[in-house]
Amino acid sequence: MNLSRKYFVAATVIGSLFASVQAQEIATWAGFRQGAASFTFDDGAPSHVTDAAPVFDKYGYKGTFNLVTTWNPNWSGFQGMADNGHEIASHSDNHGNPMPDNESASSRNTINGKISQNYGVVTLAYPNCKSPSASSVSQNYVVGRICNGSWQGVPDISGKDGPSDWTKVPATMTGSEGDIKSTNDFTGQMQKAVQQGGWVSFLTHGFQGKSNGYATYSPTDLSAIDGALSWAKQNDSKIWVAPMGHVAMYIKERKAAKITEKSSSATSMSYTLTHSIADNISKYNYPLSIRVKSSWTKVSATQDGKAIEASIKDGYIYFDAVPNGGDIVLSSDGAAVVDPGSSTSTEPSSSASAEGNPFRGAIEIPGTVEAENYDVNAYSHSQAKNDGTAYRTDDAGVVVAGAGYAAGYTTAGDYYEYTIDVKAAGKYKVTVNGATGNGADGSVTVSVGTATLDAAIKNMGDWNTYTEVEAGELELAAGKQILRLTINDNNLNVDWIKFEGNGELVKIANTILMDAGAGLIKCQIFDMNGQLVKSANVFAGSAQEAWKGINGTLRNGAYVMRYGVAGKATQTIRVRK
């Protein structure tokens with residue numbers, strides 16, 4: 001064989017191997033972002049429940065909240081936060097200086113007994129920045145958190161594979177005694193994480209001017225965190241904001257996982273995603289972001305027979321999958337087989353009892369249907385374009401709308417479907433919030449079975465000025481069913497569809513009166529999925545006064561308000577318009 005022939009063969013082999021390696025890829029960070037950030041909070045302060053959680057939920061992000069078990073944390077409040085995706089973690093039993101080794105296990109067990117959450121307690125934050133023995137931490141937790149890395153000879157921003165010692169993960173102190181005080185301080189560190197392809201974490205105690213309980217050290221301006229999260233939302237395609245334990249699990253899984261092609265044809269591909277690092281601390285079953293090369297123009301996906309989201313961009317199919325979670329099947333004909341009850345049918349339901357594959361669970365009515373929360377794979381969208389938000393991965397037109405998202409880049413004939421759960425049969429007033437810069441009004445159609453209603457989308461000269469329009473009433477049967485939003489004109493943005501009323505529910509709510517008398521009333525606000533969104537004490541003499549005193553920061557929609565004093569508790573449904 002001559003020299004040129006050798007080079008040709010070698011180049012062919014190397015090229016073939018490289019193509020094989022790149023055919024399927026696990027992302028360094030979730031959503032193929034460039035860096036990661038975690039916000040952690042110590043001491044289980046009342047303000048973490050009443051003030052921090054609503055700020056994070058406003059932007060769709062989640063934090064890590066580290067509890068001292070004997071400091072009487074608001075267990076029900078933190079359970080509500082766990083139900084909403086926040087991580088509840090350990091900060092010891094007694095906040096000792098230093099923390100005794102035995103509290104590594106005991107605090108974890110106590111919190112696991114009080115709080116139910118997807119991955120259990122996997123994170124420990126050391127009180128007074130002094131760690132117990134490394135063995136006591138590694139035997140009980142996925143990750144142990146120290147304070148400023150610079151204080152202990154550790155970089156403040158970890159690399160893509162995490163720290164060299166998982167019992168010493170750094171978090172930079174915030175507040176009056178810390179290095180991070182302003183929004184610019186937060187965003188500067190997150191920008192560095194993106195530039196370095198790394199992971200940055202923050203350590204916060206209480207907040208200036210809030211009810212902080214034991215968390216009095218180095219109070220932080222909550223508006224600085226609000227500004228940081230706003231920046232993160234605007235740069236969501238670059239920075240992954242997630243709880244510390246979740247990021248740690250992702251890194252460890254990614255380093256140990258392997259994705260293997262099982263079969264391939266012109267219309268179907270199947271894969272396995274596996275690792276062998278599960279232990280008595282965690283199953284390490286946090287979803288990993290995957291992409292595989294493909295020339296397909298449409299795709300549906302399942303794992304273990306259940307539908308998962310998938311999208312196509314730049315010659316790749318993108319999806320998230322759980323390691324050791326069953327076979328992953330991709331189909332180009334849009335007809336992948338799924339479990340009963342997980343249907344991705346694109347036909348509107350004519351039944352009063354139907355359910356698709358909800359993105360975040362069935363949406364309760366009365367309530368608000370956020371347009372971006374359509375069921376998995378239940379849409380038709382001609383332009384296949386997003387704003388780069390990374391909120392959804394299927395290119396079905398998700399755009400930024402204020403602090404949230406909307407459906408956009410629409411073409412006449414596009415549609416989205418949603419599984420709704422109507423709590424009581426009756427007539428509901430329908431309001432649609434939309435925007436268009438077309439120069440003329442447009443319209444959309446809201447339909448549930450055979451009941452349909454057209455709603456105008458007002459032209460206000462641009463696609464960022466949203467206007468609420470009352471469309472009329474729809475009569476709905478009780479139970480789960482499919483709502484379809486159909487776009488009737490090109491280039492309309494839809495933020496949400498609100499359903500209000502049902503005479504029976506309103507009548508019941510309006511007849512409930514407080515019997516506690518005027519005074520300081522403990523109030524809790526829950527969304528229609530039963531998740532706690534706000535808690536506070538207000539001075540009121542009636543349910544209406546209590547509602548006015550606590551609803552100021554809530555988004556429009558229906559809520560359950562629980563209130564009472566001296567052991568008395570009453571619930572009422574309230575609607576913020």
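Here are a few things to note about the model shown:
- Restricting the range 150-167 to residues that are of a type in the set (S, T, N, Q) and within 25 Å of V121 (Cβ to Cβ), the residue that is most open to solvent (accessible area, probe 1.4 Å): S164
- Residues that are closer than 13 Å to H91 by Cα and modelled with pLDDT under 95 within the range 103-131 comprise N128, C129, K130, S131, listed in sequence order.
- Leading residue by the ranking (nearest to F207 (Cα to Cα)) among those in the range 128-179 that are among the acidic types (D, E) and touching an Asp or Glu at 6+ places or on another chain (Cβ under 9 Å): D179
- The one condition in (1) open to solvent by less than 10 Å² (accessible area, probe 1.4 Å); (2) within 17 Å of F41 (Cα to Cα); (3) modelled with pLDDT of 95 or more; (4) of a type outside the set (S, T, N, Q) that C147 fails to fulfil: (3)
- Residue in the range 170-182 that is in a loop (DSSP other than H, G, I, E, B), closer than 18 Å to G245 by Cα and touching a Lys or Arg at 6+ places or on another chain (Cβ under 9 Å) present: yes
- Residues that are crowded, with 17+ Cβ neighbours inside 10 Å and within 29 Å of S237 (Cβ to Cβ) within the range 168-180 comprise V169, P170, A171, T172, M173, T174, G178, I180, listed in sequence order.
- Per the listing M561, M514, M528, the residue uniquely among the aliphatic types (A, V, I, L, M) and either out of contact with any strand residue (DSSP E or B) (no Cβ under 9 Å at 6 or more places or on another chain) or modelled with pLDDT of 75 or more (or both) is M561.
- Once the range 30-50 is narrowed to residues that are open to solvent by 30 Å² or more (accessible area, probe 1.4 Å) and not in a helix (DSSP H, G or I), the residue that is farthest from S158 (Cα to Cα) is R33.
- The condition of being aromatic (F, W, Y), within 18 Å of the chain's Cα centre (by Cα) and part of a loop (DSSP other than H, G, I, E, B) holds for only one of Y391, Y409, Y405, that being Y391.
- Selection of the range 51-78 for residues being of a type in the set (V, I, T) and open to solvent by 40 Å² or more (accessible area, probe 1.4 Å) yields only T70.
- For the condition of a type outside the set (K, R), free of Cβ contacts under 8 Å to residues at least 40 places away in the same chain and on the phi < 0 side of the Ramachandran plot, S268 does not qualify.
Results for (1) of a type in the set (V, I, T); (2) out of contact with any Pro (no Cβ under 9 Å at 6 or more places or on another chain), shown as yes or no for each residue.
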position: S158; (1), (2): no, no
position: D165; (1), (2): no, yes
position: G178; (1), (2): no, yes
position: T187; (1), (2): yes, yes
position: A193; (1), (2): no, yes
position: G209; (1), (2): no, no
position: N212; (1), (2): no, no
position: S218; (1), (2): no, yes
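- Pairs, first of a type in the set (K, R) in the range 413-431, second in a strand (DSSP E or B), C-beta under 6 Å, six or more apart: K427/E473; K427/E475; K429/E473; K429/E500; K429/G501
- The set of residues in the range 242-259 that are more than 22 Å from D165 (Cα to Cα) and in contact (Cβ under 8 Å) with a residue 60 or more places away in the chain contains only I259.
- Residue match in the range 196-211 (condition: farther than 23 Å from K58 by Cβ, surrounded by fewer than 18 Cβ atoms within 10 Å (Cβ to Cβ) and either among the aliphatic types (A, V, I, L, M) or in contact (Cβ under 8 Å) with a residue 60 or more places away in the chain (or both)): yes
- Residue ID - modelled with the highest pLDDT, chosen from residues in the range 531-558 that are in a loop (DSSP other than H, G, I, E, B) and open to solvent by 50 Å² or more (accessible area, probe 1.4 Å): R555
- 1 or more residues modelled with pLDDT of 95 or more, among the basic types (K, R) and open to solvent by 60 Å² or more (accessible area, probe 1.4 Å): qualifying strands (runs of 3 or more DSSP E) within the range 238-342: 258-264
- Any hit, the range 414-425, residues being surrounded by fewer than 16 Cβ atoms within 10 Å (Cβ to Cβ), under 23 Å from N377 (Cβ atoms), touching a Ser or Thr at 6+ places or on another chain (Cβ under 8 Å) and modelled with pLDDT of 90 or more: no
- D462 vs. criteria crowded, with 16+ Cβ neighbours inside 10 Å, of a type in the set (D, E) and over 26 Å from V560 (Cα atoms): no
- Residue in the range 85-102 that is out of contact with any Gly (no Cβ under 7 Å at 6 or more places or on another chain), modelled with pLDDT under 95, under 27 Å from A257 (Cα atoms) and open to solvent by 10 Å² or more (accessible area, probe 1.4 Å) present: yes
- Extreme residue, nearest to V430 (Cα to Cα), among residues of the range 549-563 that are under 22 Å from the mean Cα position of the chain (by Cα) and of a type in the set (V, I, T): V560
The values are calculated or read from the model by the stated rules, or taken from the named source; none is laboratory data. Remember, it's a predicted structure, so these values are computed and weren't measured experimentally. As a convention, Cβ positions derive from the backbone with ideal geometry for all residues, glycine included, and neighbour counts pool all protein chains shown. All accessible areas refer to the heavy atoms of the entire protein, side chains included, with ligands and DNA or RNA removed. Shrake-Rupley method; radii C 1.70, N 1.55, O 1.52, S 1.80 Å.
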